[in-house]
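Trainee: I'd like to ask some things about the structure below.
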Amino acid sequence: MNDRMIGRVKRVNGPVIEVMGITDAEMFEMVRVGKDNLIGELIKLETDGAVIQVYEDTTGIAPLDPVYGAGMQLSVELGPGMVGTIYDGIQRPLEAIREISEIYIKRGITIPSLNREKKWHFAPSVKQGEHISGGMALGAVRETENVLHKILVPPSDKGILESVVPEGDYTVEDVIAVLKTDAPQQKDLFLMHRWPIRVQRPTQRRLPLDVPLITGQRVIDTLFPVAKGGTVSIPGAFGTGKTMTQQAVAKWCDADIIVYIGCGERGNEITDVLTEFPKLIDPRSGRSLMERTILIANTSNMPVSAREASIYTGITMAEYFRDQGYHVAVMADSTSRWAEALRELSGRMEEMPAEEGFPAYLPTKIAEFYERAGSMETLNGDCGSVTIIGAVSPPGGDFSEPVTQHTKRFIRCFWALDRNLANARHYPAISWLDSYSEYLNDMASWWEQEVSPEWLADRTEIMELLHKEVRLQQVVKLVGPDALPDTQRFILEVCTLFKNAFLQQNAYDKIDMFSVVQKQVKMLHIIVTYWKRGYEAIKNGAVLIKLRKMKVYRDIVKMKFSIPNDNLSGLDKIEARLERSMDQLEALYA
Amino acid sequence: MPERENRRLLSGREYIGVDKIDGPLIFVGKTHPVGYRELIECVDKQGNVRLGIVLESSTDIVVVQVFEGTSGLTLPDTRIRFSGKPLTISVSKEMLGRVFNGLGRPIDGGPPQRSDIELDVNGMAINPTARQYPRDFIQTGISVIDGMNTLIRGQKLPIFSGNGLPHNELAAQIARQAKIRGTNTEFAVVFAAMGVKHDVARFFTRSFEESGVLENVALFLSLADDPSIERLITPRTALTLAEHLAFNEDMHVLVIMTDMTNYCESLREISTIRGEIPSRKGYPGYLYSDLAELYERSGMIKGYKGSITSLPILTMPNDDISHPIPDLSGYITEGQIVFEREMDGRGIFPPVAGLPSLSRLMKDGIGEGMTREDHPHLASQLFAAYSYVKDVRNLASVIGEEELTPLDHNYLEFGKEFEQKFVSQRKDEDRSIEQTLDLGWEVLRTLPAEELHRITDEEIEKFYGK
Ligand SMILES: Nc1ncnc2c1ncn2[C@@H]1O[C@H](COP(=O)(O)OP(=O)(O)OP(=O)(O)O)[C@@H](O)[C@H]1O
Ligand SMILES: [Mg+2]
C-alpha cells in the first residue's frame, strides 16, 4: 500500500473513529485503518484531530493503530462493466468478493470496482488534434446488447487531443487517448474515470419535465404519474409494499438504466432480484432485464456507515449514465435506513440532535439527494434524466415523523401506502386519497398526443367519484347502505369495481404484472363508460341490481387478467358488449 | 510492525483495580491499546471469573460491558484481563441434546463442551450473492400458517404476541410438527431463552421430551433471574451454533428465540447507562441494525445443504404493534404471525389475526408442484373475504345485524366458519396441506360464487363446486 500515514487511532466507538496527530489529511479523503486496512472516509477535520467513519466492522481496532490516507476523496469508478453488476455500498463487487471470501463478507478486502483484465471493444469517435472538453464522448463500447456505453472525458478535463488509439480491444486501464492541457503535463485518458460520490456531476442545464416515466403500474401511470427526471417518495409501514412497488417499477418502467439501491434492507430481497431479473425479459428490448440494471446492496446487517454511502454511490452511477444521454431510474430502498445511519453516526460523534435524535442537517442532506434528480442537457449536448424513487419506512407507519415530513418538502410525487389496503390485500396499496403527483398537468399533453385524447377527462371523472365515495361511506357507516338512493349507491358500486378491476394489480400474475398504456386507457374508459351510462339508466328508472347482474360485469372485473398486452382487441369487444347491454337496459326504460 | 507485536504480548495482561462501575459497565483507565469488541475476563475478590466485551476503547479509557453483571464488584479489587480477541464459542454437533447458559457454558451438569471449532459469536454479514432464495414449503400442520402465512425453509418469521397469549404453545407445536413433505429430514432445534421465566423453559423442554426430539435440541437459557445483560449475547451464541449446524454440518435448523422484547430492553438499558441519544421510547437508534444482525443470520446458502429458519417470539408491549420492538422487527423479518387478544378471548387457538399476519416468502413456495395449484388464489380470496367480514362486523355493530343486506349476512357466516373451522384447531392437530386447502374451500362455500373475484372460473369449477 503506497498510502501515506496521516495519524493514529485515538478512540474507537463502533464505526466512528477519532484520529490524533493528523498531518495533511483532506476532508472526505478515503482512508485505511489498522492492520486489516479497513476502508473509511474522513468526515471531520480539526487542527490536530479528525473523525473518520469506517465502512467495515471495526472489531479489534485499537488506539494507536495507524491511519493511512489514499490521497483522494471517496469515489466510484465509472466505465464499462457496471451494468449487470452487484456492488456493496462503496462499490466493491460482491460477486468478486464471494470468490475470495465465500459465504461471508470478510473485512479488509480490496478489489477494484471494474474488472481490470476484461477487454472492451472501443470505437473512437474523435480524432487527434480536436478540441475536447469535459463530458464529451471519445467513442463508445457496446457494454450489453441494450447499452452502448459512451466513453466520456472526465468532467473537469479539457484540451487538445494529442493522440487517440485506433478501434480495438482495451482494458479499463489502457490509455485510449492523450490530452494536451494547460498544465505542463499531458493527461492520459482511459475507458474509466473516477468521480467523488458526494459531488453532483455537472451538466449544461436543467430541462423541463414533460414526459412520463411509464411504469406499467396502473395506479401510478393513470392516477399519480411521475415524469422522467422526477422525484417520488413511497412511504409505508412495514409490509405495505414499498419493495414490491419499487421492484415492479424497476422491472417494467421505460427507463434505459435502472440503479437499484438496497439500502439497509433484507438480504433475501437482493437475492430475489438477482435470481429473477436475469430471467425476465424487458418487453421493449427483448433482452434480459439484468442487462440494464445495476444493483447496490448494503443490507441491514452490513456496516451502517456503508449504508450511508450507498445512496451516493448509486446516484453518482446514475448521473454518469445520464451524462451519456440515457434515462436512468434510481430506486432507493429505503431512504429511512440511510437517514438512520446518519443519525447513528451523528450520535456517535456526539453532535446535538434535532427531532427524534436525527441531526439538524437531515433536511439539507435529503434535499441534496433529491436535487440530483432531473432531466438535463448533458455536457455532450444530449438529453438524459435521473428519476429518483425513494422508499420511506416511517416508524409505526406514522407519516408525521421527520424523514417522511422532510422528504415531502423536496419531492413532487407521493405514493402513500396504506396499512388498511395492504391488510385487505389490496395491492399495490397506494392510497388514492393521500397520494398526489405534481407532474399530472405536465403529463397530460403527452398522454393526449401519444395515447388517447380522453385520458385526462376519464381520470378526472374517476378521481371525483373516489372522493365522493369517501363522503358516502361515512353516511353508510352511520345508517347503512339502504339509506342511500340508487344513484349514490351506484357510485359505491363503481368505486368498488374500479378498485378491484383497475387499481389492484397483482405483481405475481403473468398478464397483470404490467399494463401497457393503451391497455390502461381502454380499461379506464370502459369503467367510466359503465359509470356514465349506468348512471343515466338509473336516473331513467333502472334498478341497481340489473347493472350489477349484467353479464359483461364479470368480464370487466377480469379484463386485467384476461386481456394480454400484445392483443388488446378483447377490450374493444368488452366495450362493445357493454354499450350493447346498456342500450338494451335503456330500451327497457325508454 | 512493533504495534502488532506489542499487542500480542500485552493481551493477557491483567489490570488490578478499575476506575468506575456503572450498572453492567466498567471503566478502566491507563491500559495498553485495547481492541474494540475484545473479549475480557473480569475477576472479583473471590476469584470468580465473569466475561465481558469492550464497548469503547480510547487512549484514556476503556469501557467494558460485563455479561454476568457487576454485582459484588469493588473498584480496587476487581481485576480485568484483556484477551486480544473477540468473544468466541466452541461449537459442535454434540451440543444438541444439551443445555447451556447464555454464554454457551453447559448448565446441565454434563461435561464442558470441547471442540476444535471456535467461532466469533458476532458472526459476519452474509454476502447477498451467496444466498439461495428460500422456496421450500414447510408444512407446520397449522391451517392458518400453511394456508395463508406459509412458512418457508430459511425464512425468518416472528410471532408477535402479547403477555399471556399462547405463543409458546404455537412455537412448540410448529417445532414438533414442522416437516418438508416428501423428505424425512428432521429439524434440529436451537432454542434461545432471554429473560423468560423458568416455567417457560420447562414447558419447552417437556414438549421436546414428550415428542422424543430432545436429543435434537440445544437450549441456551438466560432466564429472568440471570443478569439482564447476558441476554444480549444469548441469541448470538445460539445463532453461532445454528450457523455451524446448518453450514458446516448440513442440517436444517429451526431457531426459536424468546422473548425478543426482553433482549431489546437489555439493549435499552445499556444504551441509557452510556448516555446515548435515544430515538423512540428510549430505545437506541441502532436497535434496527442490532436486530438485523440477529434476524439476517437465517437463510439458505448456494451450494450448502443446510438452512436456518427462525421463529423469534416477541410480546408486544400493550399489544401495540407500532411499538418500536415489533415495528422494527417487522421491518426486518420476512413477515409476521400476529396474535389477537380478542380471538384468544373467544377461545380460538391459534389466535392468529387474519389481516396483519403475512408471510412474504410464501409466493414462491406455494402453488402447483409445491402445495397445490389452487393455493395462491384461495389464500388471496380468504384474505379478501375476511377483510370484508371485518368491515361488515363494524357496520353491524353500528346499525345492527338486522339492517345488513343478505350478502353481508353471508359474509358474517363466512367469518364465523373461517375462524372456527379453518383457523381454530387443537394443539396436537397436525393437518396436511390438502386438508387445510379443502377446509378453505369448505368455508368459502358460505359465499356465492360471484363474490369470488380472485378465483378463476376453472378453479370455481374444480374446487368450489365440489
Ligand atoms: N403488487 C403486489 N402484488 C402482490 N403482492 C404484493 C404486492 N405488493 C405487495 N405485496 C405483498 O406484500 C408483501 C410485502 O410487500 P413489501 O415487501 O414490498 O413491503 P415493504 O413495504 O417493502 O415492507 P418493509 O418495509 O418491511 O420492507 C409482499 O411480500 C407481498 O406478499
Ligand atoms: Mg421493503
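The values are calculated or read from the model by the stated rules, or taken from the named source; none is laboratory data. Just so you know, these numbers come straight off a predicted model, no measurement behind them. Note: ideal-geometry Cβ built from the backbone for every residue, glycine included; neighbour counts use all protein chains shown. Calculation scope for accessible area: heavy atoms of the full protein, side chains included, ligands and nucleic acids excluded. Shrake-Rupley method; radii C 1.70, N 1.55, O 1.52, S 1.80 Å.
Trainee: Exactly one condition in (1) farther than 30 Å from residue A:482 by Cβ; (2) open to solvent by 10 Å² or more (accessible area, probe 1.4 Å) is false for residue B:400; which is it?
Mentor: Against the list (1) farther than 30 Å from residue A:482 by Cβ; (2) open to solvent by 10 Å² or more (accessible area, probe 1.4 Å), residue B:400 comes up short only on (1).
Trainee: Report those strands (runs of 3 or more DSSP E) wholly inside segment A:71-162 carrying at least 3 residues which are open to solvent by less than 10 Å² (accessible area, probe 1.4 Å).
Mentor: Qualifying strands (runs of 3 or more DSSP E): A:137-142, A:148-152.
Trainee: For residues that are away from chain A (no Cβ under 14 Å) and in contact with a helix residue (DSSP H, G or I) (Cβ under 6 Å, 6 or more places away or on another chain), scanning just segment B:20-44, find the one that is least open to solvent (accessible area, probe 1.4 Å).
Mentor: B:24
Trainee: Also, I was wondering about something else. So which of B:245, B:254 ends up being part of a helix (DSSP H, G or I), at pLDDT 95 or above and open to solvent by less than 20 Å² (accessible area, probe 1.4 Å)?
Mentor: Just one listed residue meets the conditions, B:245.
Trainee: So, in segment A:227-238, of the ones that are closer than 27 Å to residue A:290 by Cβ and assigned to a loop (DSSP other than H, G, I, E, B), which residue ends up farthest from ligand 1 (Cβ to nearest atom)?
Mentor: Only one residue fits best here, namely A:229.
Trainee: Kindly list the number of the only condition in (1) within 11 Å of ligand 1 (Cβ to nearest atom); (2) in contact with a Pro (Cβ under 8 Å, 6 or more places away or on another chain) that fails for residue A:264.
Mentor: Unmet condition: (2).
Trainee: Next question. Could you grab the pairs with beta carbons closer than 7 Å, sequence gap of 6+ or different chains, first residue in segment A:234-254 and in the same structural domain as residue A:273 (by TED's automatic domain parsing), second one within 9 Å of ligand 2 (Cβ to nearest atom) and open to solvent by 20 Å² or more (accessible area, probe 1.4 Å)?
Mentor: A:243/A:269
Trainee: Quick check: is even one residue across segment A:356-372 within 28 Å of residue A:459 (Cβ to Cβ) and more than 14 Å from chain B (Cβ to nearest Cβ)?
Mentor: yes
Trainee: Run down B:134, B:76 and say which single residue is surrounded by fewer than 18 Cβ atoms within 10 Å (Cβ to Cβ), touching a residue at least 40 places away in the same chain (Cβ under 8 Å) and not assigned by TED's automatic domain parsing to the domain that holds residue B:443.
Mentor: B:76
Trainee: When you scan segment A:269-292, do you find a residue that is within 11 Å of the chain's Cα centre (by Cα) and within 14 Å of ligand 1 (Cβ to nearest atom), even just one?
Mentor: The answer is no; no qualifying residue exists.
Trainee: So for segment A:391-411 (the condition being away from ligand 1 (no atom under 16 Å from the Cβ), over 25 Å from residue A:339 (Cβ atoms) and away from every other protein chain (no Cβ under 14 Å)), does at least one residue qualify?
Mentor: No.
Trainee: Would you check if residue B:269 is away from every other protein chain (no Cβ under 13 Å), free of Cβ contacts under 8 Å to residues at least 24 places away in the same chain and more than 16 Å from ligand 1 (Cβ to nearest atom)?
Mentor: Answer is no for this residue.
Trainee: Go through segment A:352-403 residue by residue and tally those that are closer than 30 Å to residue B:56 by Cβ and surrounded by fewer than 16 Cβ atoms within 10 Å (Cβ to Cβ).
Mentor: Qualifying residue count, segment A:352-403: 6.
Trainee: All but one of (1) within 21 Å of residue A:422 (Cβ to Cβ); (2) assigned to a helix (DSSP H, G or I); (3) within 14 Å of chain A (Cβ to nearest Cβ) hold for residue B:418; which doesn't?
Mentor: (3)
Trainee: Within segment B:357-390, can you find the residues that are closer than 26 Å to residue B:314 by Cα and surrounded by fewer than 19 Cβ atoms within 10 Å (Cβ to Cβ)?
Mentor: B:363, B:387, B:390, listed by residue number.
Trainee: Follow-up question, since we're still on this one. Specify the residue that is farthest from the other protein chains (Cβ to nearest Cβ); the eligible residues are those in segment A:264-317 that are in a helix (DSSP H, G or I), within 16 Å of ligand 2 (Cβ to nearest atom) and of a type in the set (Ser, Thr, Tyr).
Mentor: A:310
Trainee: Quick one: count up the residues across segment B:349-372 that are away from chain A (no Cβ under 14 Å) and over 23 Å from the mean Cα position of the chain (by Cα).
Mentor: Number satisfying all stated conditions: 3.
Trainee: Given (1) part of a helix (DSSP H, G or I); (2) in the same structural domain as residue A:547 (by TED's automatic domain parsing); (3) closer than 25 Å to residue A:388 by Cα, where does residue A:488 come up short, assuming only one miss?
Mentor: (3)
Trainee: Looking at (1) closer than 23 Å to residue A:248 by Cβ; (2) open to solvent by 20 Å² or more (accessible area, probe 1.4 Å), which is the only condition residue A:332 fails?
Mentor: Just one mismatch for residue A:332, condition (2).
Trainee: Follow-up question, since we're still on this one. Give A:52, A:100 a once-over and let me know the one that is farther than 24 Å from residue A:146 by Cβ and without any contact (Cβ under 8 Å) to a residue 12 or more places away in the chain.
Mentor: A:100
Trainee: Counting only residues that are open to solvent by 60 Å² or more (accessible area, probe 1.4 Å) and at positive phi, how many does segment B:92-123 have?
Mentor: 1
Trainee: A further question on this structure: Among the listed residues A:310, A:334, identify the single one that is within 19 Å of residue A:233 (Cα to Cα), away from ligand 1 (no atom under 14 Å from the Cβ), of a type in the set (Gly, Ala, Ser) and touching an Asp or Glu at 6+ places or on another chain (Cβ under 8 Å).
Mentor: Sole residue among the options that is within 19 Å of residue A:233 (Cα to Cα), away from ligand 1 (no atom under 14 Å from the Cβ), of a type in the set (Gly, Ala, Ser) and touching an Asp or Glu at 6+ places or on another chain (Cβ under 8 Å): A:310.
Trainee: Let me ask something else about it. Could you check how many residues of segment B:105-140 are within 14 Å of chain A (Cβ to nearest Cβ) and of a type outside the set (Lys, Arg)?
Mentor: 16
Trainee: Of all the residues that make up segment A:221-245, how many are under 20 Å from residue A:399 (Cα atoms) and away from ligand 2 (no atom under 11 Å from the Cβ)?
Mentor: Total meeting the criteria: 5.
Trainee: Can you say whether residue A:183 is over 18 Å from the mean Cα position of the chain (by Cα), open to solvent by 10 Å² or more (accessible area, probe 1.4 Å), among the small types (Gly, Ala, Ser) and under 30 Å from residue A:29 (Cα atoms), as far as the supplied structure shows?
Mentor: Spelling it out, residue A:183 is indeed over 18 Å from the mean Cα position of the chain (by Cα), open to solvent by 10 Å² or more (accessible area, probe 1.4 Å), among the small types (Gly, Ala, Ser) and under 30 Å from residue A:29 (Cα atoms).
Trainee: Restricting attention to segment A:1-37, and to residues there that are acidic (Asp, Glu) and part of a strand (DSSP E or B), which single residue is farthest from residue A:307 (Cα to Cα)?
Mentor: The residue in question is A:18.
Trainee: Considering A:434, A:418, which residue is in the same structural domain as residue A:312 (by TED's automatic domain parsing), within 16 Å of ligand 1 (Cβ to nearest atom), closer than 18 Å to residue A:238 by Cβ and open to solvent by 50 Å² or more (accessible area, probe 1.4 Å)?
Mentor: Sole residue among the options that is in the same structural domain as residue A:312 (by TED's automatic domain parsing), within 16 Å of ligand 1 (Cβ to nearest atom), closer than 18 Å to residue A:238 by Cβ and open to solvent by 50 Å² or more (accessible area, probe 1.4 Å): A:434.
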